[in-house]
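The values are calculated or read from the model by the stated rules, or taken from the named source; none is laboratory data. Being a predicted model, the structure only gives us computed values, none of them experimental. A quick note on method: Cβ atoms are made from the backbone with ideal geometry, for glycine too, and the neighbour counts reach across all protein chains shown.
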C-alpha cells in the first residue's frame, strides 16, 4: 500500500514515510479518507466542468481551470492537432537554418521549458556541432531576470559567434501573456536593438494571449502588426501548469524534444489519477501523505532531490508549482490560515555534501522527496586506475549509475535511522515520456492538496502585491 507501480513502470515508493514504523500510519490515512475522497470528487468535477469552487481570477471574476485537458491532443482542446502540428512545423523550419534561439520568459514561461531543455539537450548542447545537434539551433535563456551582466554576456556571445559568418540568424521567442511583463520585455528590447546594431539577422516569435479585438494584449498586437508567428498562452492555464501547453512545448519543438511522447506520459499519469483508490493513484497518495506530514507532524518543508544533474531544473520548476499554488494567507472562506509548505531545491549527490548535514541533524521539519533513474543510456564505469589504493579500489569497476543509487540509498537509510521521512519517485528511464508522467502527477498532487487545505491552488494574489509596489517605484524613477 505504500508503494505504487504504474503500468508504465514508474514507481512511487513511500515506504520511508508511510507504514507501521514510519511517520504516518495507515490509521491516520484511513481517518483522513473522507477528506481525500471528497477532494477526489471535486477534482473529477473539475475535469468535467473546467471550474473549481472558490477560484477567482486576479480581477475577482470566476475563471476556468483547464490543466486536466492538456495531455489530450484532440479537436476542441487547448492542445489540438493543428496547434501541435504548428509547433512541429516551427521546429522543422529552424533546423539547419537558424543558428541560435533565445527564449525570453520568466516564472512559468521559463521554468517548465527549461526542464525540457535540460533533459533533451543538457549542459553542453551549445558546444556541440550543428550535426551533433541534429540541425537544431543553439539555445539560450534570457528574460528570467533583469541582470545587465548576463544580458551583456549573451549579446557579446551573439556578436562573437556571428563574426565572419554570412546570414547568421537568431530567433527570439518572447513568452508573455500580457506583453508587459518587465523582465522578458526589457531584455528582448535591449537584445533586439543590439542585434540590429550588429547587423545580425533576427526573427521573433511571440507566445502570448490568444485573443484579438478588445481583449488583445500588447504583445499580440505587436506580433500581429509586425507579422511575427504567434503561439498561445492559453486561457485557464496558470503559468506553473503551462509546461504542457505551447508555453513549454515550444522549447521542446525548437530543440528536438519529443513533445508527443511528453504529452503521452502526462496522459498515462492522468489515467492513474482518475482512480479513487489511494493504493492505485500516486498523486492522491503523495498529496495525502505530504499534507498529513505537514499538518499533523510539523513537516512543513519539502526537499525535492533528484539524483540527476539535469533534473535540478525540475526542482526549480516544482518550487513555483508548490509555492504559488499552496502558499496562501486566506482559505476559500476568507479566513486567515497562512497555509503552505516551503519547497527546497537540491540535487544528489551534490547536496549530500552541502545540505544533508542540515537534513540529517537540523530541525525535524521536512520531508525529503527523491527522484531516481533506473537505467541510464550513457553509463560510465570507473576504471581500475589506482587499485593499489584501497579507498579508490572500493569503487573502481563500478558504473556511475550504481554509485549514484548507492549514495541515494545511503542518504535514505541515514535519514530514516533518525526518524526522518523520505519518499522516492523511480523513473525507469529519463526521457520525454517519463518526465511528462512525473510532472503531471506532481501537478495533480498539488491540486489535491489545495482541496485538503481549503485554499485556492490556482491563484497567486501574493504575486500581485509586489507588482503594485514595483509599478509605483518605476513611475517614480521616470519623473
* Any hit, region 376-396, residues being under 24 Å from the mean Cα position of the chain (by Cα), surrounded by 14 or more Cβ atoms within 10 Å (Cβ to Cβ) and closer than 30 Å to residue 301 by Cβ -> yes
* Asked: Is one or more of the residues making up region 319-332 touching a strand residue (DSSP E or B) at 6+ places or on another chain (Cβ under 7 Å), touching a residue at least 24 places away in the same chain (Cβ under 8 Å), assigned to a helix (DSSP H, G or I) and closer than 22 Å to residue 435 by Cα?
  -> yes
* Asked: Residues 377, 343: which one is under 25 Å from residue 436 (Cα atoms), assigned by TED's automatic domain parsing to the domain that holds residue 308 and part of a loop (DSSP other than H, G, I, E, B)?
  -> 377
* Check whether at least one residue in region 116-123 is touching a strand residue (DSSP E or B) at 6+ places or on another chain (Cβ under 9 Å) and either in the same structural domain as residue 179 (by TED's automatic domain parsing) or more than 18 Å from residue 266 (Cβ to Cβ) (or both), and report yes or no. => yes
* Taking the condition in contact with a helix residue (DSSP H, G or I) (Cβ under 7 Å, 6 or more places away or on another chain), free of Cβ contacts under 8 Å to residues at least 40 places away in the same chain and more than 23 Å from residue 242 (Cβ to Cβ), does residue 395 pass? -> yes
* Asked: Taking region 349-375 as the region of interest, how many residues are buried (at least 17 other Cβ atoms within 10 Å of the Cβ) and farther than 24 Å from residue 400 by Cβ?
  -> 2
* **Scan of region 177-195 for residues that are more than 18 Å from residue 110 (Cα to Cα) and either out of contact with any helix residue (DSSP H, G or I) (no Cβ under 9 Å at 6 or more places or on another chain) or free of Cβ contacts under 8 Å to residues at least 12 places away in the same chain (or both), ordered by number** => 192, 193
* **Which numbered condition residue 107 fails, given (1) assigned by TED's automatic domain parsing to the domain that holds residue 144; (2) on the phi > 0 side of the Ramachandran plot; (3) over 23 Å from the mean Cα position of the chain (by Cα); (4) touching a residue at least 60 places away in the same chain (Cβ under 8 Å)** => (3)
* Asked: Between a first residue in region 52-69 that is under 24 Å from residue 468 (Cα atoms) and a second residue that is at pLDDT below 80 and part of a loop (DSSP other than H, G, I, E, B), which pairs have beta carbons less than 7 Å apart while being 6 or more apart in sequence or on different chains?
  -> 63/57
* **Subset of region 26-40 (residues that are within 12 Å of residue 1 (Cβ to Cβ) and surrounded by fewer than 15 Cβ atoms within 10 Å (Cβ to Cβ))** => 26, 30
* **Number of the exception - residue 464 against (1) modelled with pLDDT under 95; (2) in a loop (DSSP other than H, G, I, E, B)** => (2)
* To do: Determine whether region 125-136 contains at least one residue that is in the same structural domain as residue 226 (by TED's automatic domain parsing), within 28 Å of residue 227 (Cβ to Cβ) and at pLDDT below 95.
  => no
* Filter result (assigned to a loop (DSSP other than H, G, I, E, B) and within 20 Å of the chain's Cα centre (by Cα)) within region 253-302 -> 254, 255, 256, 257, 258
* **region 363-374, residues that are in a loop (DSSP other than H, G, I, E, B) and touching a residue at least 60 places away in the same chain (Cβ under 8 Å)** => 364, 365
